[in-house]
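In what follows, a structure is listed as structure tokens, so that the remarks can point back to it.
The values are calculated or read from the model by the stated rules, or taken from the named source; none is laboratory data. Model, not experiment: these values are computed from the prediction. Here Cβ is always computed from backbone atoms with ideal geometry, including for glycine, and neighbour counts include all displayed protein chains. Note: areas computed on protein heavy atoms with side chains; ligands, DNA, RNA excluded. Shrake-Rupley method; radii C 1.70, N 1.55, O 1.52, S 1.80 Å.
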Amino acid sequence: MQGHIKLFILLCVTTWGGCYGSHFNASAFAEAPPLYALDEWAQCQRPADVYCIVHAALTSATPNHLLDLLREYSADTQKHFNRTLVHRGVCVSRCGGEGPETWHDAAQLCVNQSLARYDLEAQVLSVRWCNKPVPKLSTSAFVFNIVILILLAVTSLATGLHVFGRFCGKFQGNMYLLAFSIKKNWQILTHIRSTPKAEDRTSDLSSLEGIRFLGTLGVISTHVTIVYVYSFIDNPEFIENMFDHIPTQLAFNSPLWMQVFFSISGFLTAYFTLIYAEKRTLTVGRCVLSFINRFIRLTPVAMFGIWFTIAYPRLGSGPQWQLLVERESQDCTERWWYHLFYVHNHLTLGKFCMGHTWYLAVDMQLHILGSVLLLVFLRWRKSVAPVIFTLVSSAIIATGLIVYFYDLSPIITAQTPEIVSNMFRGSELMTKLYLPVWMNLCGYLFGFAVAFIYHSNQVKGVKLNEVKWFNLVFHATLTLALCVTLAGVAFLSDIKPPRWAAILYSSFDRVLVALCFNIFLLGCFSNCKSVLRDALSWRGFHVLGRLSYSVFIVHFIIMRMTVASNTQIGHISVYAMISLLIVSSVLSYIVAIPVYLLIEMPFIQLWKALTGENTKKEHEENDQNQTAPAKLNIVRVRSKRHDTNDV
């Protein structure tokens with residue numbers, strides 16, 4: 001009788017229109033087999049023990065009401081995991097698995113034993129990511145170690161010569177060697193941009209450092225949720241319930257704000273090119289040189305992260321280490337060269353290789369397009385507005401057509417948790433609405449527009465901070481952008497808006513958010529009075545902002561290893577998410593300091609030495625009047641600015 005009562009309760013809380021709607025409650029989940037479970041890791045540490053990740057489908061030889069309810073619950077793929085599939089960490093050697101050929105049968109026995117209390121069985125679909133004896137040092141790891149040792153030796157030598165340069169005068173002016181000086185690179189890291197110098201045009205751009213820092217934290221917080229989704233947790237219903245609350249729904253629509261970084265990238269590219277063009281002619285050769293500079297700027301740190309991932313998959317252990325760390329190492333071994341050429345945003349999804357760096361590929365592609373546009377704009381200034389308007393309009397129309405023909409939701413995260421847990425394998429939303437370069441074009445082009453307006457105002461002496469209507473618009477922009485983001489919550493509700501609304505929203509959501517942010521950016525640069533602008537320009541953000549690119553590269557590696565090293569199944573909660581955010585952020589910034597000093601900045605300085613930009617800088621600063629604005633070289637400035645958009 002008690003079993004029938006439990007089954008009735010489960011039926012009520014699971015069916016539409018039942019006692020409590022379509023969601024399980026805590027007691028109902030207790031009566032269903034867990035979606036994820038892990039055998040005790042500590043009890044599977046004998047020399048002959050093998051621990052594997054097992055995926056299995058629930059079955060029943062006879063009609064089973066519980067299985068029917070799980071199928072009905074799983075039918076809501078928008079919000080729910082597929083509860084008819086179970087995922088287990090299994091010590092297969094404890095169920096008779098003595099060799100690879102017997103692991104499948106052993107896993108089948110282990111999983112069925114755990115499901116016996118539910119009157120269910122399982123058909124094992126895969127037995128993978130089994131722990132293996134720690135291998136000898138791989139060739140990749142050996143070469144990586146040699147490169148790091150050489151880098152440390154050169155850095156030590158350069159730093160010593162810089163510190164004791166008065167005793168080694170002939171090395172004091174060697175820019176190639178001093179590019180690796182920790183003392184010099186530390187001075188660059190800790191320089192306060194608002195300090196008066198010859199390049200006084202950059203002092204009003206100090207708010208970018210605060211935007212970089214806050215944007216980086218936003219990116220990390222988004223990845224906190226993702227890493228929980230594709231790891232093993234004991235309460236996946238927490239993820240499912242996030243779709244029913246407005247604050248988390250609003251967070252799900254936060255990918256719109258990636259346009260912030262593309263806008264900053266477009267602004268920096270165009271603005272410093274305009275300064276360069278005041279005294280020189282922009283040529284194809286100079287654009288090619290700028291592209292190489294961009295490549296040097298991004299590639300060393302990015303490839304360091306990928307190489308580390310490939311070389312050291314066995315730095316730790318745990319029931320999920322093979323799934324989260326070894327798997328990424330293998331995938332990166334296959335795909336690293338796509339990352340080297342910055343085309344990985346167009347690869348088939350489902351591989352676990354530094355997925356967050358899709359942004360770098362799009363940014364590099366936009367930089368190439370932007371260089372071509374600047375060649376046109378600087379020759380025909382009147383073409384700026386019509387070309388930007390035409391390209392933005394084309395992007396709007398293309399987005400609407402894609403959503404119409406593929407019947408897509410405008411919200412990138414509006415897809416089954418199963419897809420997210422498999423790194424978006426099979427996701428049309430990601431491949432058609434989020435990752436392509438043309439879908440992120442609006443923010444970049446609006447950054448161009450801000451650069452032309454801001455530069456023109458500087459030349460003409462126009463002060464936008466004294467224009468009342470612009471100040472009103474400036475203070476309203478972020479609120480309007482948040483309203484646009486909030487409007488997307490409607491597409492995550494159970495009752496979807498009409499299809500025409502989805503087409504309309506998807507066509508203009510990025511455009512409106514980018515437009516609002518760029519107006520805000522123009523106001524910050526124009527010194528409009530604002531508490532937020534003053535906060536973003538705080539001196540403390542300058543160092544944190546410069547570390548943002550290195551933090552962006554390493555944070556997901558740290559976060560993944562942190563979760564994978566846990567020997568117990570994870571538990572997600574608001575507190576757990578905040579804790580992981582704080583831990584991963586602090587560790588990422590700590591690790592980012594040596595990465596910046598030993599890899600990021602040395603290669604930038606070495607490139608500047610090779611192109612003679614350091615020498616040019618010294619001559620320009622000596623020749624210019626203290627009150628005259630500096631005329632900066634595009635290649636030199638983009639290196640010096642450290643590309644504020646790299647997050």
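Summary of computed values
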read-out: Hey, R280 charged (D, E, K, R), within 20 Å of the chain's Cα centre (by Cα) and either on the phi < 0 side of the Ramachandran plot or at pLDDT below 90 (or both) or not; value: no
read-out: Qualifying residue in segment 420-429 (condition: over 23 Å from K351 (Cβ atoms) and touching a residue at least 24 places away in the same chain (Cβ under 8 Å)); value: no
read-out: Verdict on V301 being modelled with pLDDT of 95 or more, outside any loop (DSSP other than H, G, I, E, B) and either within 28 Å of R546 (Cα to Cα) or open to solvent by 10 Å² or more (accessible area, probe 1.4 Å) (or both); value: yes
read-out: Pairs where the first residue, in segment 568-594, is under 29 Å from F304 (Cα atoms) and the second is outside any loop (DSSP other than H, G, I, E, B) and among the small types (G, A, S), C-beta under 6 Å, 6+ apart; value: L581/S221; A592/S550
read-out: Residues satisfying the stated conditions in segment 386-397, i.e. in contact (Cβ under 8 Å) with a residue 60 or more places away in the chain and either open to solvent by 40 Å² or more (accessible area, probe 1.4 Å) or in contact with a Leu (Cβ under 9 Å, 6 or more places away or on another chain) (or both); value: I388, V392, A395, I397
read-out: Test set (1) modelled with pLDDT of 90 or more; (2) of a type in the set (A, V, I, L, M, F, W, C); (3) over 30 Å from C483 (Cβ atoms) - W257 fails condition number; value: (3)
read-out: Odd one out for P497 among (1) of a type outside the set (S, T, N, Q); (2) closer than 30 Å to R83 by Cα; (3) in contact with a Lys or Arg (Cβ under 6 Å, 6 or more places away or on another chain); value: (3)
read-out: Residues that are among the β-branched types (V, I, T), part of a helix (DSSP H, G or I) and open to solvent by 10 Å² or more (accessible area, probe 1.4 Å), drawn from segment 261-298; value: V284, V288, I292, I296
read-out: Odd one out for Q320 among (1) closer than 30 Å to D39 by Cα; (2) among the polar types (S, T, N, Q); (3) open to solvent by 10 Å² or more (accessible area, probe 1.4 Å); value: (3)
read-out: Options L349, L374, L369, L391; residue that is touching a Ser or Thr at 6+ places or on another chain (Cβ under 8 Å) and either among the acidic types (D, E) or part of a helix (DSSP H, G or I) (or both); value: L374
read-out: Any hit, segment 80-98, residues being more than 30 Å from G426 (Cβ to Cβ), modelled with pLDDT of 90 or more and touching a strand residue (DSSP E or B) at 6+ places or on another chain (Cβ under 7 Å); value: yes
read-out: Which listed residue, of F470, F448, is of a type in the set (F, W, Y), without any contact (Cβ under 8 Å) to a residue 60 or more places away in the chain, open to solvent by less than 70 Å² (accessible area, probe 1.4 Å) and on the phi < 0 side of the Ramachandran plot; value: F470
read-out: Pairs where the first residue, in segment 97-114, is open to solvent by less than 80 Å² (accessible area, probe 1.4 Å) and the second is part of a helix (DSSP H, G or I) and acidic (D, E), C-beta under 8 Å, 6+ apart; value: G97/D105
read-out: Residues satisfying the stated conditions in segment 69-96, i.e. free of Cβ contacts under 8 Å to residues at least 24 places away in the same chain, over 32 Å from the mean Cα position of the chain (by Cα) and over 17 Å from A116 (Cα atoms); value: R71, G96
read-out: Matching residues, segment 585-607, being surrounded by 16 or more Cβ atoms within 10 Å (Cβ to Cβ) and β-branched (V, I, T); value: V591, V595, I599, I604
read-out: Residue in segment 497-519 that is of a type in the set (G, A, S), modelled with pLDDT of 95 or more, open to solvent by less than 10 Å² (accessible area, probe 1.4 Å) and under 17 Å from the mean Cα position of the chain (by Cα) present; value: no
read-out: Within segment 482-495, tally of residues that are closer than 14 Å to L515 by Cβ and free of Cβ contacts under 8 Å to residues at least 60 places away in the same chain; value: 2
read-out: Count of residues meeting criterion [part of a strand (DSSP E or B) and either in contact with a helix residue (DSSP H, G or I) (Cβ under 7 Å, 6 or more places away or on another chain) or loosely packed, with under 15 Cβ neighbours inside 10 Å (or both)] in segment 71-85; value: 0
read-out: From the options I558, I578, I582, I553, residue that is β-branched (V, I, T) and surrounded by 23 or more Cβ atoms within 10 Å (Cβ to Cβ); value: I553
read-out: Helices (runs of 4 or more DSSP H) contained in segment 487-598 and holding at least 1 residues acidic (D, E) and over 20 Å from L217 (Cα atoms); value: 499-525
read-out: Cβ pairs under 6 Å, 6+ apart, first in segment 204-217 and of a type outside the set (A, V, I, L, M, F, W, C), second open to solvent by 20 Å² or more (accessible area, probe 1.4 Å) and not in a helix (DSSP H, G or I); value: S206/S194; S206/S537; S207/S537
read-out: Test: E40 is open to solvent by 20 Å² or more (accessible area, probe 1.4 Å), within 27 Å of V489 (Cα to Cα) and either at pLDDT 90 or above or of a type outside the set (S, T, Y) (or both); value: no
read-out: Whichever residue in segment 197-228 is open to solvent by 10 Å² or more (accessible area, probe 1.4 Å) and among the β-branched types (V, I, T) and, among such residues, is modelled with the highest pLDDT; value: I211
read-out: Matching option when the condition is more than 28 Å from V224 (Cβ to Cβ) and modelled with pLDDT of 90 or more, among I368, I306, I264; value: I368
read-out: Residue satisfying condition, being of a type in the set (A, V, I, L, M, F, W, C), under 30 Å from P602 (Cα atoms) and in contact (Cβ under 8 Å) with a residue 40 or more places away in the chain, within set I310, I246, I226; value: I310
read-out: In segment 338-375, residue surrounded by the most Cβ atoms within 10 Å (Cβ to Cβ) [restricted to those that are within 13 Å of F295 (Cα to Cα) and in contact with a Lys or Arg (Cβ under 7 Å, 6 or more places away or on another chain)]; value: H367
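A quick yes/no check of all residues on (1) free of Cβ contacts under 8 Å to residues at least 40 places away in the same chain; (2) of a type in the set (S, T, N, Q); (3) in contact with a helix residue (DSSP H, G or I) (Cβ under 8 Å, 6 or more places away or on another chain):
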{"site": "Q330", "(1), (2), (3)": "yes, yes, no"}
{"site": "N345", "(1), (2), (3)": "no, yes, yes"}
{"site": "K351", "(1), (2), (3)": "no, no, yes"}
{"site": "L375", "(1), (2), (3)": "no, no, yes"}
{"site": "D407", "(1), (2), (3)": "no, no, yes"}
{"site": "P410", "(1), (2), (3)": "no, no, yes"}
